[in-house]
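These notes are about the structure you will find just below.
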Amino acid sequence: MPTILIVDDSAMDRELAGGLLRKNPANEIRFASDGLQALADMSERPPDVVLTDMQMPNLNGLELVERIRADFPLVPVVLMTARGSEEIAVSALHAGAASYVPKRSLKHSLAETIERVLIASCEDRGMATLIRNQLTCTTSAFELTNDVSLIPALITYLRHSIETLGLYGESDRMRVGVALEEALVNAYYHGNLEISSELRETDHQAYYELARSRSQIEPYASRSIYVDVEFTPNRATYVVRDEGPGFDPDALPDPTDEEHLDRSSGRGLLLMRTFMDEVRFNAQGNEVTLTKLRSREKVASQPQKVEA
Amino acid sequence: MTPDQYFRFQFDDGTLLVDVVRPVSQFAGNDLVSDMSNQLKDCSEESVDAIIVDFEQIDYFGSMLLEALRILWRTTGVDSQRMKLCNVSSVGREILSLAKFDTLWEVCATRDDARQALCNKDQKPA
């Protein structure tokens with residue numbers, strides 16, 4: 001029996017929407033009069049779909065969508081839009097709402113929209129259940145040739161992967177993203193292009209100019225960055241290797257030493273070491289292995305079974 | 001805002017307001033520094049008495065943005081107590097704290113708090 005949580009500060013509108021959805025006897029309908037009450041209700045038992053008004057006291061529809069996306073990413077949200085709430089509804093759709101129904105069209109469109117969203121959601125949850133509960137190991141490997149524009153795309157892909165796997169909460173996903181970016185920056189600029197961050201401290205424009213020119217000449221231009229990734233239910237491991245001569249990470253200055261606060265060197269490594277559970281370099285110093293254990297942070301709602 | 005713009009600079013009575021307007025990729029280094037340098041050149045005739053950097057539009061950042069903050073501070077020559085950061089996410093605060101940049105510049109909850117902190121500083125006896 002799919003559960004639908006209807007959120008609206010207008011009792012009349014709640015009843016109208018509830019009445020329309022009760023025509024399907026399989027639906028279980030619950031109500032909340034604002035966003036805060038909805039979140040409290042969801043923390044007790046997440047519904048299969050949320051249908052919400054946009055303009056409400058305490059927490060409006062946009063804020064509610066943002067909170068649900070963060071805390072209950074597998075619960076879809078359908079908006080009820082009224083004249084005057086179009087702008088906020090567009091923002092809510094950008095923030096991840098699944099669909100919307102104009103209030104004036106509830107009678108004709110609501111049931112069909114909710115059913116469509118529930119079917120899609122059921123497929124998403126099935127896949128999430130499979131991946132989060134049944135997957136034992138997945139690996140991938142990338143060779144990034146001399147095209148720096150691909151690196152942000154790789155980071156985005158890897159962040160999406162850990163979100164799908166449900167390994168970490170939102171904050172830890174950000175931390176992993178920061179650590180990976182730092183490892184890849186290190187591999188590109190300091191590894192393959194062999195540029196010292198000391199140059200950036202003295203003349204940042206010369207630093208980037210040197211990077212641009214080296215990226216077009218040998219031996220730097222033909223070097224690649226290799227990224228091997230392994231996900232298991234308990235950890236993510238990233239190995240980033242460049243084709244440069246390597247470096248001694250212990251030789252970097254401590255960036256938190258007050259004397260070095262104004263220097264560029266070492267901050268990336270500091271962020272990597274802080275945000276990952278283990279950071280290990282090979283003897284040559286051109287390969288770093290970053291490991292992050294499964295998050296102790298609350299991972300947003302685990303998949304729930306749904307009967308559409 | 002142009003696609004290669006990371007910062008929005010505005011002047012308000014001697015205070016330079018800097019909004020970080022989109023996430024800063026670590027690989028945006030050259031564009032990031034160019035954007036900041038160009039905007040600093042555009043306002044080179046203004047006298048910068050204080051700086052407020054507003055992070056409201058980004059969730060997190062890495063060493064590249066830390067470096068941009070350092071360049072901003074060094075180029076303008078503003079006293080560290082006259083530079084305030086605001087609307088920083090929890091992960092962003094963690095990053096600033098790790099780099100100990102929060103010991104250089106005060107991190108305020110909101111832009112209004114940052115303004116107030118600058119005013120309070122103004123009112124303190126020398």
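The values are calculated or read from the model by the stated rules, or taken from the named source; none is laboratory data. None of the values given here were measured: they were computed from a predicted structure. Ideal geometry is used to build each Cβ from the backbone, glycine not excepted, and the neighbour counts take in all protein chains shown. Ligands, DNA and RNA are stripped out before the accessible areas are found, and what is left, the full protein with its side chains, is counted by its heavy atoms. Shrake-Rupley method; radii C 1.70, N 1.55, O 1.52, S 1.80 Å.
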Inset, instruction - Return yes or no: is residue A:173 within 14 Å of chain B (Cβ to nearest Cβ), open to solvent by 50 Å² or more (accessible area, probe 1.4 Å) and within 15 Å of residue A:290 (Cα to Cα)? - result: no
Inset, instruction - Identify, by number, the condition in (1) in contact with a Gly (Cβ under 6 Å, 6 or more places away or on another chain); (2) open to solvent by 60 Å² or more (accessible area, probe 1.4 Å) that residue A:137 doesn't meet. - result: (1)
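I need the full set of residues from the stretch A:19-57 which are more than 33 Å from the chain's Cα centre (by Cα) and of a type in the set (Gly, Ala, Ser), in order please.
Once the filter is applied, which keeps residues that are more than 33 Å from the chain's Cα centre (by Cα) and of a type in the set (Gly, Ala, Ser), the stretch A:19-57 yields A:19, A:26.
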Inset, instruction - Considering each of A:90, A:78, A:65 in turn, give the residue that is under 24 Å from the mean Cα position of the chain (by Cα), at pLDDT below 95 and open to solvent by 20 Å² or more (accessible area, probe 1.4 Å). - result: A:90
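For (1) surrounded by fewer than 22 Cβ atoms within 10 Å (Cβ to Cβ); (2) facing chain A (nearest Cβ under 10 Å); (3) modelled with pLDDT under 90, each residue gets a yes or a no:
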| site | (1), (2), (3) |
| --- | --- |
| B:46 | yes, no, yes |
| B:78 | yes, no, yes |
| B:83 | no, no, no |
| B:90 | yes, yes, yes |
| B:95 | no, yes, yes |
| B:109 | yes, no, no |
Legend entry - Pairs, first surrounded by fewer than 19 Cβ atoms within 10 Å (Cβ to Cβ) in the stretch B:52-76, second of a type in the set (Gly, Ala, Ser), C-beta under 6 Å, six or more apart: B:59/B:89
Inset, instruction - Inspect all residues belonging to the stretch A:144-152 and state whether any of them is touching a residue at least 24 places away in the same chain (Cβ under 8 Å), away from chain B (no Cβ under 14 Å) and buried (at least 16 other Cβ atoms within 10 Å of the Cβ). - result: no
Inset, instruction - Give the stretch A:7-55 a look and list any residue that's under 18 Å from residue A:83 (Cα atoms), open to solvent by less than 60 Å² (accessible area, probe 1.4 Å) and at pLDDT 90 or above, or say none. - result: A:7, A:8, A:10, A:13, A:14, A:17, A:51, A:52, A:53
Legend entry - Selected residue (criterion: modelled with the highest pLDDT) from residues of the stretch A:176-213 that are in a helix (DSSP H, G or I), closer than 22 Å to residue A:154 by Cβ and open to solvent by 50 Å² or more (accessible area, probe 1.4 Å): A:190
Legend entry - Residue check for residue A:194: in contact with a Gly (Cβ under 7 Å, 6 or more places away or on another chain) and within 10 Å of another protein chain (Cβ to nearest Cβ): no
